[in-house]
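J.: One structure is given below, represented as structure tokens, and several questions about it will come after.
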Amino acid sequence: MYLRSLILATALLILLLSAGIAFQRGGRFPFREDDEGPLALPPDANEKTEWAFARLRYPQYRGEGLGRWWSARGHWTVDYPKADRTFVQGVRRLTRIHARSVEQVVDLDSDEIFNWPWIYAVEVGHWDLTDAQCKKLREYLLRGGFLMTDDFHGTFEWEVFTASMKRVFPDRPIVDIENSDAIFHVLYDLDERFQVPGIYPLMRGMTYEYDGIEPKWRAIYDDKGRIMVAICHNMDLGDAWEWADHPEYPERYASLAYRIGINYIIYAMTH
Amino acid sequence: MFEFFFNCSPAAFHKGNWVFLAGWPWWVFALALMAMGVALGALGLRRGRAKLGFRWILITLLQLCAAAILLLLLWRPALIVPFLKPHQNVVALVIDDSRSMGIAERDGTRIEQAAKKISGRFLNDLKSRFQVRLYRFSSSLEPISALETIRAQGVATRLSPALRAIAAEAASLPVGAVVLFTDGADNTGGVDPGTLAALRNRKIPVHTVGFGRERIENDVELTGVQLPERALPGSRIEAVVKFRQRGFSGRSAKLIFQDGKQTLATRELQLKGEGDQQSVTVLLRVGDAGAKDVQVSLEPLPGEENTLNNYCVRPLLVESRRPRILYVEGEPRWEFKFIRRAVEEDPTLRLVTMLRTTQNKIYRQGIANPKELEEGFPSKPEELFAFQGLIIGGVEAGYFTPAQMELIREFVNRRGGGLLFLAGRFGLAEGGYAKSGFAELLPVTLPDKKQTFFRDPATAELTPAGRESLICRIEEDPQRNFERWKKLPYLANFQETGAAKPGARVLVELQAPGHGRYPLLVTQSYGAGRTALLATAGTWRWQMQQPLEDKSHEAFWQQLLRWLVSDTPGPVISSTPTPVAYDDGAVRFQARVRDLHYLPAMDATVEAHVTGPEGVSTVVDLQPDPLEGGIYAAEWSAPKPGSYIVEVVARRGDGEVGRDAFTFRREDGTAENFRREQNRELLEKLSEQTGGRYYRPHELDRLVSDIQYSEAGISVRETKDLWNMPAVFLLLLGIKGAEWLLRRKWGAV
């Protein structure tokens, strides 16, 4: 009985310490700003625009514990909202798209998603869609919606991602996007692409996470050869957007991330 | 009897002119009448009869009337009547021997009735006064020697050529009058103005004698079928079918459209008012490219007298061309993507797009080669005129140079292209269109202000014109279509516009809560082309907010863009004025040839390659019209009944300017199946317009005496006094008798 209580108390202590460490801000990282705190709304936050950064909120993989910080908050929120808003500033400056300054969170539980024909899903290596959500996503994509996924790495997260995606499109293959595809040329010519790292591996001097060494630009096409789902695997464009304004995040990564993101949006608005 | 009372026949009154032979001035008449009135009034007052009120007034008026009539007779009224000099004039008896005259009536066929009437006393009476010539006509006029040879075998009734031939004979013969024996079942739509003018110039009266029933019981007849002569593959066309019936009111009939054995459409019709013309519009899907014969038929009803008038064939050319539309868009937006997707579903249209993705970059899609539009929006006619349609999205007017603006106007006005304006935050009033060259092209008057584009929800509602328009036909049935539009998801945005210009058609209106009601879709003709305005860039919600199976968005855009370009011609436009040539294969080929700038090409060589039934194949040279540059024409005779396809090719030197095709059809022996009732209205009108009269067969005796009153041929004028008409004396007697009776009744007057 005593031993059992001791084990439980120790486990609880370890858990609390882990959470405490996880919630530490700054500390050992050179990046003073974080991506989880609330940001002040810009004055034009309520402007009605043609396009907004629509971030998909999804239920996450049930086999995952609370061992990771993001598991508690929800993986869909990674880099939110700073990445969204920083990226939108670039969209506004570099294109003629009438873009809203703040993001829009959408989910697959209501029909509101059909008002946002471009959506972004982060950390989809942790998502776990219900059957109803899979059905709605399929309908959304076939009607003309566009999904961009980002920031998931390695074999395990790929399998988690495809587990849901295969239920969205059981009969459509996921294929590598050819260099000649319009999505890499619609605004910027992106023949030379490289892995865009997140901040954590970058601090460790790496550009990859887990076994995701090679960046993959993949897609699911519709019957007319148009990309419906653009899959950025083994890269972290979201971090590159988020930290693009930080002098220590390499410009070349941020620049490529912006170009890819903008190309994907314009592709979604033209195809 | 009439002549006894009035000294002349009604025909003399009809043809004659009134005159007053005394020649005294009319002011004398007025003065005398006034003096009489004053005298009668004064007399009555003096005798104190004014106190009797209206009785005295009535008696005085009767006395005044009698005095006025007597006074008028002093002016010697008379009638000057032209009449034909006996034995010096020719009367032409023209008998219709078309097949419809062979229809059996109660007393034999119509032609038998006519022959019987003519060969009796009528002919002898006429011969006693005039030289009589007999003619027969159906398609053309021919003299005949005897009535016995005449048979109702003509395959068509053409009044105009027959009457023109008579008018031509009058140049060398003293033709005093024409008597036409016919049922009036003309197959050419009546007597043309040229023929009427020729008859009137020679003052030849055409008297008509109508044979046949004026209404046939128990019959349904197709009275008209209107189909476009060309269409794009897979498109929908409107067929307007007119019909009428007698004896089947309240019943239903089935209307069937077929292309060979393939049924294109069917429609149940409710037969309404007896003899009333009904009309129905049916949408047809035309299918693949090629020349087609669309057969239109009304299923025969039990007991129908004539089933041959339930069927007709119309030629239709489904062209293999694939028009190109240039869409220039000022900013990336969802409408652009979904318009592109809608058009991609349509194999007949090609959309070439220019999108300003950034301030200095244009993204081109659908281009024919990497060089196309490389320099931006076209600035040369041959570049822009290579397209059939143009869409201007959210682009500010200042983006276009003045030369480009003028080129766009010429694209519509001269080239005959279609131009569609879309709403946007840089478009219409926001883009300065109200003060640019676009203002003239727009089908609405734009407000001269900013802040007209709103990203607020708006709903669309069909106007009465929109309910009729093919552009807005999402559902086949008009009523269901109207309801369907009401249920469409709201638009994502809209733009305020002003009122539609005169002649423009508002097809759809938008209703925006808190803003009001504005035209949403407006179309108009402009020069040789057409322009339209869609005051939203938010129809994409119709695609995203409705199930995948719903095709409202695609159908709307495909129909709108087909309307935009389907009538845009190429450099060569060929046609014939007679797409269906009845019984006579004579057709005229016409071609308008223009160069790359769509200016008349006057030095072209133009050939028509004709392919017809049973291996008919020939090449016909078209000759330039000396009066109008760029127009070429030729006359040709189709040797066999059936459908023909004509491909017209124009060349300049070794190069081809362009080519175009059209179809026509020669129909033999079918015209007489239609309009088999006596067309009394046509005959009465013909007589009235030429100074003749319409007669029924039993009124021929009257015709013998009336026919002499004519100004044609060798005629003289006779003056007939009217002052001594018994009718006048009877009238005077009646007035005085009435006065006497009133005086007796009222005693003291």
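J.: Before we move on, is A:Arg100 of a type outside the set (Gly, Ala, Ser) and either surrounded by fewer than 15 Cβ atoms within 10 Å (Cβ to Cβ) or modelled with pLDDT under 95 (or both)? Full working, then the answer.
T.: Details: of a type outside the set (Gly, Ala, Ser): yes; either surrounded by fewer than 15 Cβ atoms within 10 Å (Cβ to Cβ) or modelled with pLDDT under 95 (or both): no.
No: the conditions fail for A:Arg100.
J.: Of everything in region B:224-247, what is at pLDDT 90 or above and in contact with a Lys or Arg (Cβ under 7 Å, 6 or more places away or on another chain)? Give them in sequence order. Reasoning before the result, please.
T.: Within region B:224-247, the subset at pLDDT 90 or above is B:224-233, B:237-247.
If the condition is that a residue be at pLDDT 90 or above and in contact with a Lys or Arg (Cβ under 7 Å, 6 or more places away or on another chain), then B:Gly224, B:Val225, B:Leu227, B:Leu232, B:Arg246 are the ones that fit.
J.: If you don't mind, there's one more thing I want to ask. As an exercise: evaluate B:Gly275 against (1) assigned to a loop (DSSP other than H, G, I, E, B); (2) more than 26 Å from the chain's Cα centre (by Cα) and give the number of the one condition it does not meet.
T.: The one condition B:Gly275 does not meet is (2).
J.: Which numbered condition in (1) out of contact with any helix residue (DSSP H, G or I) (no Cβ under 6 Å at 6 or more places or on another chain); (2) within 14 Å of chain B (Cβ to nearest Cβ) is the only one that A:Glu192 fails?
T.: Unmet for A:Glu192, out of (1) out of contact with any helix residue (DSSP H, G or I) (no Cβ under 6 Å at 6 or more places or on another chain); (2) within 14 Å of chain B (Cβ to nearest Cβ): (2).
J.: A further question follows. May I ask you to list pairs of residues, at least six apart or on different chains, whose Cβ atoms are under 8 Å apart, with the first in region B:584-609 being closer than 18 Å to B:Trp636 by Cβ and in the same structural domain as B:Pro381 (by TED's automatic domain parsing) and the second being crowded, with 23+ Cβ neighbours inside 10 Å and among the hydroxyl-bearing types (Ser, Thr, Tyr)?
T.: Sorted first by the residue in region B:584-609, then by its partner, the list stays empty.
J.: Out of A:Gly205, A:Gly212, I need the residue that is small (Gly, Ala, Ser) and modelled with pLDDT under 95. Which one? Steps first, answer last, please.
T.: Values: A:Gly212 fails: modelled with pLDDT under 95.
Answer to the check: A:Gly205.
J.: From B:Ala671, B:Ala661, B:Ala650, which residue is among the small types (Gly, Ala, Ser), under 28 Å from the mean Cα position of the chain (by Cα) and under 30 Å from B:Thr605 (Cβ atoms)? Break it down into steps so the answer makes sense when it comes.
T.: Details: B:Ala671 fails: under 30 Å from B:Thr605 (Cβ atoms); B:Ala650 fails: under 28 Å from the mean Cα position of the chain (by Cα).
Criteria check complete, one pass: B:Ala661.
J.: Taking only region B:648-661 into account, find how many residues are among the acidic types (Asp, Glu) and in contact (Cβ under 8 Å) with a residue 40 or more places away in the chain.
T.: Step one: filter region B:648-661 for residues among the acidic types (Asp, Glu), giving B:654, B:656, B:660.
Subset that is in contact (Cβ under 8 Å) with a residue 40 or more places away in the chain: B:660.
So the answer is 1.
J.: State the number of residues belonging to region B:512-548 that are part of a strand (DSSP E or B) and either within 14 Å of chain A (Cβ to nearest Cβ) or surrounded by fewer than 17 Cβ atoms within 10 Å (Cβ to Cβ) (or both). Spell out how you get there, then give the answer.
T.: Start the filter on region B:512-548 by keeping residues that are part of a strand (DSSP E or B), which leaves B:512, B:516-526, B:529-534.
Then keep just the ones that are either within 14 Å of chain A (Cβ to nearest Cβ) or surrounded by fewer than 17 Cβ atoms within 10 Å (Cβ to Cβ) (or both); that gives B:512, B:516-517, B:525.
Here the count works out to 4.
J.: Conditions: (1) in a strand (DSSP E or B); (2) within 14 Å of chain A (Cβ to nearest Cβ); (3) not acidic (Asp, Glu). B:Gln295 meets all but one. Number of the miss?
T.: Status for B:Gln295: all satisfied but (2).
J.: I'd like to know if region B:34-49 contains one or more residues that are within 30 Å of B:Pro205 (Cβ to Cβ) and basic (Lys, Arg).
T.: In the first step, residues of region B:34-49 are kept if they are within 30 Å of B:Pro205 (Cβ to Cβ); the result is none.
For region B:34-49, residues within 30 Å of B:Pro205 (Cβ to Cβ) and basic (Lys, Arg): absent.
J.: Scan region B:168-189 for residues that are in contact with a helix residue (DSSP H, G or I) (Cβ under 6 Å, 6 or more places away or on another chain) and at pLDDT below 90 and jot them down. Outline the logic, then answer.
T.: Within region B:168-189, the first condition is being in contact with a helix residue (DSSP H, G or I) (Cβ under 6 Å, 6 or more places away or on another chain), and the residues that meet it are B:178, B:181, B:183-187.
B:Gly184, B:Ala185, B:Asp186, B:Asn187, listed by residue number.
J.: So, in region B:345-364, exactly how many residues are farther than 15 Å from B:Leu564 by Cα and either more than 13 Å from every other protein chain (Cβ to nearest Cβ) or surrounded by 17 or more Cβ atoms within 10 Å (Cβ to Cβ) (or both)? Explain how you work it out, then say what you get.
T.: Going through region B:345-364, the residues farther than 15 Å from B:Leu564 by Cα turn out to be B:345, B:347, B:353-364.
When the remaining residues are screened for being either more than 13 Å from every other protein chain (Cβ to nearest Cβ) or surrounded by 17 or more Cβ atoms within 10 Å (Cβ to Cβ) (or both), the result is B:353-358, B:362-363.
Qualifying residue count, region B:345-364: 8.
J.: Residues being surrounded by 19 or more Cβ atoms within 10 Å (Cβ to Cβ) and under 40 Å from the mean Cα position of the chain (by Cα): count how many of those fall in region B:399-408. Please lay out each step first, then the result.
T.: Going through region B:399-408, the residues surrounded by 19 or more Cβ atoms within 10 Å (Cβ to Cβ) turn out to be B:400, B:407-408.
Pick out the ones that are also under 40 Å from the mean Cα position of the chain (by Cα) and you get B:407-408.
Looking only at that region, the number is 2.
J.: With the requirement that a residue be closer than 13 Å to A:Ala54 by Cβ, within 10 Å of chain B (Cβ to nearest Cβ) and assigned to a helix (DSSP H, G or I), what does region A:94-127 give you?
T.: Once the filter is applied, which keeps residues that are closer than 13 Å to A:Ala54 by Cβ, within 10 Å of chain B (Cβ to nearest Cβ) and assigned to a helix (DSSP H, G or I), region A:94-127 yields A:Ile113, A:Phe114, A:Asn115.
J.: Output the residues belonging to region A:223-239 that are among the charged types (D, E, K, R) and within 14 Å of chain B (Cβ to nearest Cβ).
T.: Within region A:223-239, A:Asp223, A:Lys224, A:Arg226 qualify.
J.: Also, quick follow-up: Examine region A:219-227 for a residue that is touching a Ser or Thr at 6+ places or on another chain (Cβ under 7 Å) and closer than 27 Å to A:Leu141 by Cα, and state whether such a residue exists. Give the steps one after another, and end with the answer.
T.: So the first thing to find is which residues in region A:219-227 are touching a Ser or Thr at 6+ places or on another chain (Cβ under 7 Å), and the list is none.
The answer is no, given that none of the residues of region A:219-227 is touching a Ser or Thr at 6+ places or on another chain (Cβ under 7 Å) and closer than 27 Å to A:Leu141 by Cα.
J.: Which one is farthest from B:Ser643 (Cα to Cα), of the residues in region B:264-286 that are modelled with pLDDT under 90 and among the small types (Gly, Ala, Ser)?
T.: B:Gly273
J.: Residue by residue through region B:380-398, note down the ones that are outside any loop (DSSP other than H, G, I, E, B) and surrounded by fewer than 17 Cβ atoms within 10 Å (Cβ to Cβ).
T.: The first filter runs over region B:380-398 and keeps only residues outside any loop (DSSP other than H, G, I, E, B), leaving B:381-384, B:389-392, B:397-398.
Listed by number, the residues that qualify are B:Glu382, B:Glu383, B:Gly398.
J.: Still on this model: Picking from B:Leu31, B:Leu64, B:Leu71, which residue would you name as being in contact with a Gly (Cβ under 6 Å, 6 or more places away or on another chain) and assigned to a helix (DSSP H, G or I)? If you could, list the steps in order and put the result at the bottom.
T.: Values: B:Leu31 fails: in contact with a Gly (Cβ under 6 Å, 6 or more places away or on another chain); B:Leu71 fails: in contact with a Gly (Cβ under 6 Å, 6 or more places away or on another chain).
Going through B:Leu31, B:Leu64, B:Leu71 in turn, just one is in contact with a Gly (Cβ under 6 Å, 6 or more places away or on another chain) and assigned to a helix (DSSP H, G or I): B:Leu64.
J.: Just give me the residues in region B:180-216 being over 23 Å from the mean Cα position of the chain (by Cα), in contact (Cβ under 8 Å) with a residue 40 or more places away in the chain and not in a loop (DSSP other than H, G, I, E, B), in sequence order.
T.: Result: B:Leu180, B:Phe181, B:Thr182, B:Leu199, B:Arg200, B:Val206, B:His207, B:Thr208, B:Val209, B:Gly210.
J.: Checking A:Trp70 against (1) of a type in the set (Phe, Trp, Tyr); (2) closer than 19 Å to B:Glu331 by Cβ; (3) at pLDDT below 95, which single condition isn't satisfied?
T.: Among (1) of a type in the set (Phe, Trp, Tyr); (2) closer than 19 Å to B:Glu331 by Cβ; (3) at pLDDT below 95, the lone unmet condition for A:Trp70 is (2).
J.: From the set of residues in region B:604-628 that are assigned to a loop (DSSP other than H, G, I, E, B) and aliphatic (A, V, I, L, M), which is farthest from B:Ala586 (Cα to Cα)?
T.: At the first step, the residues of region B:604-628 found to be assigned to a loop (DSSP other than H, G, I, E, B) are B:604, B:612, B:616, B:625-628.
From the residues that got through so far, the ones that are aliphatic (A, V, I, L, M) too are B:604, B:616, B:627.
On the way: B:Ala604: 25, B:Val616: 15, B:Leu627: 23 Å.
Within region B:604-628, the match that is farthest from B:Ala586 (Cα to Cα) is B:Ala604.
J.: Do we have B:Leu561 as touching a strand residue (DSSP E or B) at 6+ places or on another chain (Cβ under 8 Å), more than 14 Å from chain A (Cβ to nearest Cβ), crowded, with 24+ Cβ neighbours inside 10 Å and closer than 30 Å to B:Tyr598 by Cα here? Step through it out loud before you land on a result.
T.: Numbers: touching a strand residue (DSSP E or B) at 6+ places or on another chain (Cβ under 8 Å): yes; more than 14 Å from chain A (Cβ to nearest Cβ): yes; crowded, with 24+ Cβ neighbours inside 10 Å: yes; closer than 30 Å to B:Tyr598 by Cα: yes.
Judged against the criteria, B:Leu561 is a match.
The values are calculated or read from the model by the stated rules, or taken from the named source; none is laboratory data. For clarity, every value in this text was computed on a predicted model and none was experimentally measured. Ideal geometry is used to build each Cβ from the backbone, glycine not excepted, and the neighbour counts take in all protein chains shown.
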